[in-house]
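Structure first, commentary second.
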Ligand code: UD1
């Protein structure tokens, strides 16, 4: 299998793990990253794990001419996995135009290049955020898309619409949108993992930074929700499982197995865990004490979200194999390695 795959945002958290998974089964990978929210050292982590160096192009996808030049140079790209995007919900509220530009103009430029090809395969990083607070749990792919709570969430909804509209008239284009639940964890080697810049907004990096002593304590956002212990429920999925799902989606596209030229899949474990369950599991598996306090609710948080995994299981042939303990252990190993490097 020597198909040539472009991975945009390939030095980011999910992107880097996917590059590893692709290289391990023989894909020829080209990475584009503008390093705005990642580090060139991630490339060395990928090389250490796979003993292969992906082609790397430092390109900002907002530069339409640069995107065009890239595709002129790499005419033989067989598929694109598009991770490159901004993802901080709070920042998107402060800087909506930055988010619309980063997440949507880049998508348009890529699709404009792909439509020139007789055949093109495209995978889009979407999010369960498109469902908002779903009326039914677990959430399946037919659940309605709810009005977005933030510009970030809106870019995922509009992004899917842009792809869907394009697929309607471009019969040579096949696309799959993957709606991730809550990706956590790191490669078991701890050569790559999540690299939050500044204060982490997401739960697990905040937990590991608190456990290592970088933060005084974790704030738990609300314990008065209608759940088993009052804290919110999410579907935490190991990034290694998520990476594997991209491989399955790509093989589905390359093998011409799609039922329609735009498909959607939820990617989660199917299990929901509360914030307190995550904290307790972390303490159990690492034997590290985690100081935390309960504070008020965070604006925009949904009470509970976890995936109905049936469509991904049956049609994509993919299932998450790793549990919460394994994911938290790997996140902790990664945090320890990161902090050692800094001392
Ligand atoms: C968040 C985004 C979501 C985005 C995803 C990307 C919001 C409202 N949602 O998902 O749109 O797709 O990140 O990764 O920002 N928590 C704490 N203390 C913390 C951090 C989090 O208690 O310091 C709780 C949250 O209230 C939530 C759970 O932990 O219940 C998970 O939070 P987080 O990791 O931020 O993910 P989401 O909010 O699900």
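Per the conditions (1) within 15 Å of the ligand (Cβ to nearest atom); (2) over 30 Å from residue 233 (Cβ atoms), the sole criterion not satisfied by residue 149 is (2).
Table: residues versus (1) part of a helix (DSSP H, G or I); (2) within 11 Å of the ligand (Cβ to nearest atom); (3) out of contact with any helix residue (DSSP H, G or I) (no Cβ under 7 Å at 6 or more places or on another chain).
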{"residue": "270", "(1), (2), (3)": "no, no, yes"}
{"residue": "280", "(1), (2), (3)": "yes, no, yes"}
{"residue": "283", "(1), (2), (3)": "yes, no, yes"}
{"residue": "290", "(1), (2), (3)": "no, no, no"}
{"residue": "293", "(1), (2), (3)": "no, yes, yes"}
{"residue": "299", "(1), (2), (3)": "no, yes, yes"}
{"residue": "302", "(1), (2), (3)": "no, yes, yes"}
{"residue": "311", "(1), (2), (3)": "yes, no, yes"}
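The residue that is farthest from the chain's Cα centre (by Cα), among those in the range 104-133 that are within 12 Å of the ligand (Cβ to nearest atom) and at pLDDT 95 or above, is 131. Please specify each residue of the range 153-194 satisfying the condition of being under 23 Å from residue 285 (Cβ atoms) and more than 16 Å from the ligand (Cβ to nearest atom). Selection gives 187, 188, 189, 190, 191, 192.
For the range 154-172, filtered to residues that are assigned to a helix (DSSP H, G or I) and in contact with a strand residue (DSSP E or B) (Cβ under 7 Å, 6 or more places away or on another chain), the residue that is surrounded by the fewest Cβ atoms within 10 Å (Cβ to Cβ) is 164.
Table: residues versus (1) touching a helix residue (DSSP H, G or I) at 6+ places or on another chain (Cβ under 8 Å); (2) assigned to a loop (DSSP other than H, G, I, E, B); (3) over 29 Å from residue 292 (Cβ atoms); (4) at pLDDT below 95.
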residue	(1), (2), (3), (4)
135	no, yes, yes, no
143	yes, yes, yes, no
174	yes, no, yes, no
177	yes, no, yes, no
187	yes, yes, no, no
196	yes, yes, no, yes
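Any chance you could count how many residues in the range 261-288 are exposed (fewer than 13 other Cβ atoms within 10 Å of the Cβ) and touching a residue at least 24 places away in the same chain (Cβ under 8 Å)?
Within the range 261-288, the subset exposed (fewer than 13 other Cβ atoms within 10 Å of the Cβ) is 284, 287.
With touching a residue at least 24 places away in the same chain (Cβ under 8 Å) added as a condition, the list becomes 284.
Residues meeting the conditions: 1.
What is the one condition in (1) surrounded by fewer than 21 Cβ atoms within 10 Å (Cβ to Cβ); (2) more than 19 Å from residue 201 (Cβ to Cβ); (3) out of contact with any helix residue (DSSP H, G or I) (no Cβ under 6 Å at 6 or more places or on another chain) that residue 330 does not satisfy? Condition (1) is where residue 330 drops out.
Being in contact (Cβ under 8 Å) with a residue 12 or more places away in the chain, within 27 Å of residue 209 (Cβ to Cβ) and within 16 Å of the ligand (Cβ to nearest atom) is true for just one of 338, 328. Which residue is that? On inspection, the qualifying residue turns out to be 328. When each of 197, 212, 207, 139 is tested for being within 11 Å of the ligand (Cβ to nearest atom), farther than 29 Å from residue 113 by Cα and more than 15 Å from the chain's Cα centre (by Cα), the lone residue that passes is 207.
The values are calculated or read from the model by the stated rules, or taken from the named source; none is laboratory data. What you see is a predicted model; the values in this text were computed from it and never measured. FYI the Cβ positions are ideal-geometry reconstructions off the backbone, even for glycines, and counts take in every protein chain you see.
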